[in-house]
Amino acid sequence: MGNILRTKRFWLVAPAVVYIGFFMAVPLLQMAYVSVLERGDYGGVNWGAFSMDAYISFIFERDLMDNLVVNTDYLQIFVRSFGLSAMTTVFALLLGFPTAFYISTQPQSRRNFLIFLVTIPFWTNILVRNYAWMLLLRNGGLIDGALNWMGLETGGLDVLYTPYAVSIGLTYTYLPFMVLPIYASLEKLDHRLVEAAFDLGADKRRAMSRVILPLAAPGIAAGCILVFIPCLGAYVTPELLGGGKFMMIANLIGSQFGAARNWPLGAGLGFVLLALVLISMMVYSFKFKSLPEESR
Amino acid sequence: MSEVVISARSVGKTFGSGADKVTALDSVSVDIFQNEFFTMLGPSGCGKTTLLRLIGGFEQATSGQILLEGKELNDLPPFKRPINTVFQSYALFPHLTVKQNITFGLEMQGISRKDAGGRADEMLELVRLAEYGDRVPSQLSGGQQQRIALARALAPAPKVLLLDEPLSALDLKLRKEMQVELKRLQTETGITFVFVTHDQEEALAMSDRIAVMQSGEILQIGAPREIYEAPTHRFVADFIGDSNFLVGDLVDGGAGKRAVKLSGGQVIALTQEVSDQRTGEVTVSVRPERLGLVAESDAGADQLTGTVSTIIYFGTDTTYQIDLGNEALLTVRMQNGSGAKADFAEGERVGITMSPDAIRVLAD
């Protein structure tokens, strides 16, 4: 009986398993294979000719004498991407936590409405949203114009096509991913625990730091990951708001498959990124997995 | 009883507004004394928890004043009141160990970590869970969590400890144990306990005084014995223990006393002082165990008589339902083995004996 049920249940998930297995695992393996091949002279790869050049050239380049010398160009792009993603995550947290906290203190019917508002940006195409930000941020744009109109002579904001513009755009794009998990953990939080903290002499600040924040920590961590990781792979926003001058990992990978015609390097960079993401996920699950279960 | 610790003066509390307005408390006044185990007893929705939350500072009174040792508390937030609460759900901090839970309140008072730790150990000793300091709340049973909640609330040595139905989540055996435990803790610490419950047995067993509440009002305040033996309202008599209610007219009983004349013509003399202003129809209550049965032939002229309609044997006692006629039923509970003649049969005519001080005239 149990076996039949289990078999039936397997058929329920089978389409998803096949779909994911085929369309994710196969291309991934293909890319892993590509990353250890020799590059073709006009793009593509020389099938069957193995080479670790892609991974070596992540850190080294060959000088004229064919010696390996350290080249930090790619590393810098990685570091810059991580830095920018971290900055975006911090901005999103600073904006997202108070928002989530405010929503969680509202009556139930209002909460649902506010959460709905938070998700509205998802309804618009990401390109449209980024072009909208370009219009807002450019010199003589809406924000610049408004500041000048108020008598603040900006002499041009000069924000567009800078890392700041990219971070502003990314923060905007990924803010809902910060708000939603934090809201979920705050909503679950037993309000009586906050009352207990007040009762025991904690003022609002200390009730926040000693009770609410620690209990919302899993949600905060989840939110940070949900913002940080997609930020690392952001392509459209740095392309548009960074004006292509400001490269992030995804743009670098894109250019290797495109203009640079170095597929193995593009694939290799992808795997370096994947490895870094997996490591941070493991750190997260190691630190926070146990907590939500205990707090139940 | 010595000084007044908590004084509520005409305290009212309404929730909502307009058509949704609900009156939770309607001008309640009560004094709670130093070192007292004070219980607020009533069914759910009677306002007892609201009054407790007003004292704790979790709600703001709509009208009236709450005083702590003569000083008005109304505008003080909960964290500035020397009053701690044991919550119904315990509300232990799940992310802290048992010991950190107990030191929380002490650290908020600015007590050094070391001193707080020492005090926490004392508290764990007091609630007999000395070994459990390093556990987290989810590793404890309900009864243990209850004790930790008590230890946490008692640690900062509050002037008043509020307890919001703290035993309701425990099973019967544990509840009985905790009743004894609570009473012991109150005596040992000398802290005023204000206890909220809907369980009348619990209230009778532990309290120095009980306030019986209904629909946002306090009906009667008194010692358990007084509440039980001399209820002032039908609700009180009915809510606490079992009661018989009889309706009759107030008449002169002679010798400056009043009496109640029942519809059947029997007159019951009263020992209770009843104001001369009261006349006409009144309801009286009498506890089943304060009644006795005799053979009808032994009954006096003024005694109630009736027919035994049901006999239920309970082991320690036997309950007789007596049909008085006029669709009036009276419950008589007689202890078994007390030597009294108790072998009445169903359908037998009996006389009912009652001590005059067992009859209480109730407020309208």
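The values are calculated or read from the model by the stated rules, or taken from the named source; none is laboratory data. This is a predicted model, so every value here is computed, not measured. Every residue, glycine as well, gets a Cβ built from its backbone with ideal geometry; the counts of neighbours run over all protein chains shown.
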Seminar exercise, completed: Given the conditions (1) in a helix (DSSP H, G or I); (2) under 19 Å from A:Pro176 (Cα atoms); (3) more than 12 Å from every other protein chain (Cβ to nearest Cβ), every one holds for A:Pro218 apart from (3)
Exercise. Within the range B:163-176, can one find any residue that is within 11 Å of chain A (Cβ to nearest Cβ), in a strand (DSSP E or B), of a type outside the set (D, E, K, R) and within 20 Å of the chain's Cα centre (by Cα)?
Worked result: no
For this session: Write out, first by first residue and then by second, each pair whose Cβ atoms fall under 9 Å of each other, whose residues are 6+ apart or on separate chains, and whose first residue, in the range A:177-196, is farther than 23 Å from A:Phe116 by Cβ and at the interface with chain B (Cβ under 10 Å from one of its Cβ atoms) while the second is among the β-branched types (Val, Ile, Thr) and in a helix (DSSP H, G or I).
Result: A:Leu193/A:Val211; A:Leu193/A:Ile212; A:Val194/A:Val211; A:Val194/A:Ile212; A:Ala196/A:Val211
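Select from the range B:203-227 the residues that are assigned to a helix (DSSP H, G or I) and touching a residue at least 40 places away in the same chain (Cβ under 8 Å) and write down the one among them that is farthest from B:Glu125 (Cα to Cα). Give the steps one after another, and end with the answer.
Residues of the range B:203-227 assigned to a helix (DSSP H, G or I): B:203-206, B:224-227.
The next check asks that each one be touching a residue at least 40 places away in the same chain (Cβ under 8 Å); those that pass are B:203, B:206.
Details: B:Ala203: 26, B:Met206: 22 Å.
Once the filter is applied, the top-ranked residue is B:Ala203.
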Seminar exercise, completed: Scanning the range B:104-123 residue by residue, those under 19 Å from B:Thr85 (Cβ atoms) and among the polar types (S, T, N, Q) turn out to be B:Gln109
For this session: At least 2 residues that are surrounded by 11 or more Cβ atoms within 10 Å (Cβ to Cβ) and at pLDDT 90 or above in each: list the strands (runs of 3 or more DSSP E) lying fully within the range A:1-120 that qualify.
Result: none
Exercise. Is there a residue being in a helix (DSSP H, G or I), facing chain A (nearest Cβ under 10 Å) and touching a strand residue (DSSP E or B) at 6+ places or on another chain (Cβ under 6 Å) anywhere in the range B:129-150?
Worked result: yes
Exercise. Of all the strands (runs of 3 or more DSSP E) wholly in the range B:1-89, which have at least 1 residues that are within 14 Å of chain A (Cβ to nearest Cβ) and either crowded, with 18+ Cβ neighbours inside 10 Å or free of Cβ contacts under 8 Å to residues at least 60 places away in the same chain (or both)?
Worked result: B:4-15, B:83-86
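Residues B:Val286, B:Val294: which one is modelled with pLDDT of 80 or more, closer than 20 Å to B:Tyr228 by Cβ and of a type in the set (A, V, I, L, M, F, W, C)? So that I can check it myself, show each step before the final result.
Values: B:Val294 fails: closer than 20 Å to B:Tyr228 by Cβ.
Only one candidate qualifies: B:Val286.
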